[in-house]
Structures are given as structure tokens and as C-alpha cells.
Amino acid sequence: MKMFKLSNITKRTTSRDHGSDAALAIIELLHNHIIEKVEASSIDGVNSVTIHTNTDELMIDISDDSRPSASFLDEIIYRLDDKNLLHRFRFRIHNDRVFQKLEKISNDRVISININWNDKRKTIKPSDKPSKAKHKIIHRDL
Amino acid sequence: MNTTELTYKNVARQMNERLTIKDKTGNLDLTGISNFDTFSNVYITCLYQDVLMRVSSLNIQTTGDKSAQDFIGIHLEHGADSIKLNSTSRIHTRKTDVSEIQERIQNVILEHRVAVDLEAVNEHVPEVLHNAKVHPFEQFYFLRCGFSKTEGFFDIAIGDFGYGIRGTLKQKSEYSYLASKPHMYSIEKSFIPKVTSKNEARGMGLSELHDYFLEQSKGVLFLSSGDGYYLIENDLEKHSVTSGNLEYNLNGVQILLRFFCSE
């Protein structure tokens, strides 16, 4: 597989910027029908996703040793959703931490995210439960 | 003689009592202060810079062997290379990338063998740095790292004296109503996902930071802006989220992230 390195197409530095540029790269690859590996490296570990084609959907594989930040994933999901492309993708995930991040993004953005976890297909749907931001705040002057 | 220790909880009240401005002359009484935490130093440094813009002279009184420099980052080093433990740095927004600061903070943590969740630090601190970089009125912000080995926490305090959260949010028409409300409402609002003065893709960083600290068994998130504050304080005995008014109204945003070390 040909490697597609995000570092070759962006000079920006934050995880969110990497997510934005990764999403744009994915969209461009999709339009050109060339799906390769998209890799974003940042100093906070490796934000890395691999894109696979399938017969009916596209897989974004987040490997078990990858530690993508929430802002990186959020930006990719936002950008794909914004272009009405998110439903064509499924995120293959391997650990709880990434699942929790996707769950929070789903809740915060009120969008459904297709996943494949332990080879089981499911969809993370926005929860009806109140957001953590709506917890009880005590008012007290300091 | 009674001594006072400045912390994120009392520094605004103390500054309200200790700072007087009359006829363009400021007087800051720092006598009797025995110690200060990481946040207090950044808060006073922001206050000092803010007051300097409004007065023709500022007198600072200290006790005994203490000098103003002990409390305030006056003669500050610049840039990412200057970031050290217990030292306040002045960071130029245009000359220094967020990634440089993040890398330097990571090095400080590693150099001093601080056993904090590095992944969490690397995930959340850049969001705050990014906000400090794009929002302040001035072209720099202040940053200080502190480590308490005995109490087992690592502090990162970041402060500017720009428009503040209310001043930024009110620029967007849907939040213009916040202009007439106390700062604390704007601060509370800023932690809600997608609340931002920018486009819809943004407004997630503070929410992610907020939820991270909410979920920690030990940790402190303190944010002050204007005369409002927001505090998440978690330890083994209590979990609390408080918000309210401060006695001093300081421009900009000052934030403390306290990460506890693993046992």
C-alpha cells in the first residue's frame, strides 16, 4: 500500500489542524477514487488512521497502538459530516479509549457514527442522556 | 506577623484588597505574602501588565527579603526555550508555535520525572494554548509550570489579559446577550460543546477539557475571566463544580490545569 503522509501536505501543528487536513485529504482521495493510507504524525504521539476500501463502505482503521486525540477525530468526523460523506465511512476501533472519544463526539455533535469493534458492526448514536456539561453547578463567590 | 498564602481561590480577593489606583498612580501591597501557587503567579503577572497600561507609575511593596520579582513575572524570558519549572515565561503568539510549547512542557515533565498522564497533558494543553494564541488582545501570553512532589500534582497555568471569554463570545450575534450578564455566565457557556465565536467546527476544545477534568478522580480545572470563575475540583473526598464572581475584575482569561500524579 502506498503511504500517504499528512506531514507532506500540512505545516500546521495542532491535532485539530491535523484532523482538518486529514479529512480534506480523505475527501480528495475519495473524489479521485484513490484510497491510500493517511497518516498524521504529531508530537502528542501518533495521530494515525488508515483508510481501506470495501465493497460497499469505506473503513477508517484506528490501529490499537494509535492514540488519536479527541480533537483530531472530532475534526475528521465534522469535516466528513459537513460534506455529507460520514455515512459512507465506518471506523474500525480496537480499544475503549477511542470508543469513548467517538461516543462523546457523537453526543456533542448529535451525529451517528458507524463503527466496527471486535469485528462487530454497530452505530454509535447520540445519547438521550444529559451532556456532562449539564451537571450541577454550585454558585458561590470567591 | 500574619502571613498569607496566595492560591487560585483567594488571589482575586487579595488583589482587590491590595491594589489601589489613584490619580494614575498604582500601589500594589504584597507585604505579608509567604507563598503563592502557580496560578497566582500568572494571575498577578497578567494583572501587573494590565495595570501598567492604565497608570503612569506602579509602586509595589514587599516584605523583607522578598522582591516584586519573586511574585510577578516582570523580567521575563521569551519563547518556548524559556519554559522551566517554577518560572513564568512570556510567549509571543506569532513567534511561537503551539507544538513548540507542547514539546517543551513535555520535556519539563520528563526531565523532572513527573508521573502524570502525559497523553492527557498532550491532548488538552494544546487546546488551551491555541485559545491563548488566537484570543489575546496583546501579542503574548504567560505560562508557568509547577510541580509539588509532596502533594503529587503538576500545574500548568496560562494567562492573558485580552478580551476575555465574554468579550469574545459577545462578538457573535447569538451570544450578544451575554454582554449585559456577569462574566460567570459566559464562562459556563464556553464549556458547552460548539459554543464559539468562530465557525461551527470549533468550540470543542474547552468542552473536551471540561469533561476530562469532570471524569478525573483527582484534578483541578480553574478558569477566571473578568470577575467570573469556574472551578472543577476533584479529590478522593469530594467532587465539586462551582462558578461565581471574583472580587477583582481582570481582563483576559487565566486558567489552571492541575494534573495529579499516578500513585
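The values are calculated or read from the model by the stated rules, or taken from the named source; none is laboratory data. Worth saying up front: this structure is predicted, and the values here are computed from it rather than measured. Cβ: placed from backbone, ideal geometry, glycine included. Neighbour counts: every protein chain shown.
Structure above, values below:
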| quantity | calculated |
| --- | --- |
| Complete set of residues in segment B:228-263 that are over 28 Å from residue B:113 (Cβ atoms) and over 13 Å from the mean Cα position of the chain (by Cα) | B:238, B:239, B:240, B:241, B:242, B:243, B:244, B:245, B:246, B:247, B:248, B:249 |
| Top-ranked residue of segment B:239-263 - restricted to ones that are within 12 Å of chain A (Cβ to nearest Cβ) and hydroxyl-bearing (Ser, Thr, Tyr), ranked as surrounded by the fewest Cβ atoms within 10 Å (Cβ to Cβ) | B:240 |
| Candidates B:163, B:175 - the one that is under 30 Å from residue B:72 (Cβ atoms), at pLDDT below 95 and more than 14 Å from chain A (Cβ to nearest Cβ) | B:163 |
| Given (1) in the same structural domain as residue B:206 (by TED's automatic domain parsing); (2) at pLDDT below 85, number of the condition residue B:134 does not satisfy | (1) |
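This table checks each residue for (1) surrounded by fewer than 18 Cβ atoms within 10 Å (Cβ to Cβ); (2) of a type in the set (S, T, N, Q).
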position: B:165; (1), (2): no, no
position: B:168; (1), (2): no, yes
position: B:171; (1), (2): yes, yes
position: B:175; (1), (2): no, no
position: B:183; (1), (2): no, no
position: B:192; (1), (2): yes, no
position: B:206; (1), (2): no, no
position: B:225; (1), (2): no, yes
position: B:237; (1), (2): yes, no
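Rundown of residues vs (1) surrounded by fewer than 17 Cβ atoms within 10 Å (Cβ to Cβ); (2) not charged (D, E, K, R), yes/no style:
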| residue | (1), (2) |
| --- | --- |
| B:51 | no, yes |
| B:56 | yes, yes |
| B:62 | no, yes |
| B:111 | yes, no |
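Yes or no, residue by residue, for (1) closer than 18 Å to residue B:39 by Cα; (2) in a loop (DSSP other than H, G, I, E, B); (3) more than 14 Å from chain A (Cβ to nearest Cβ):
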site	(1), (2), (3)
B:94	no, yes, no
B:103	no, no, no
B:107	no, no, no
B:114	no, yes, yes
B:121	yes, no, no
B:124	yes, no, no
B:128	yes, no, no
B:143	yes, no, yes
B:147	yes, no, yes
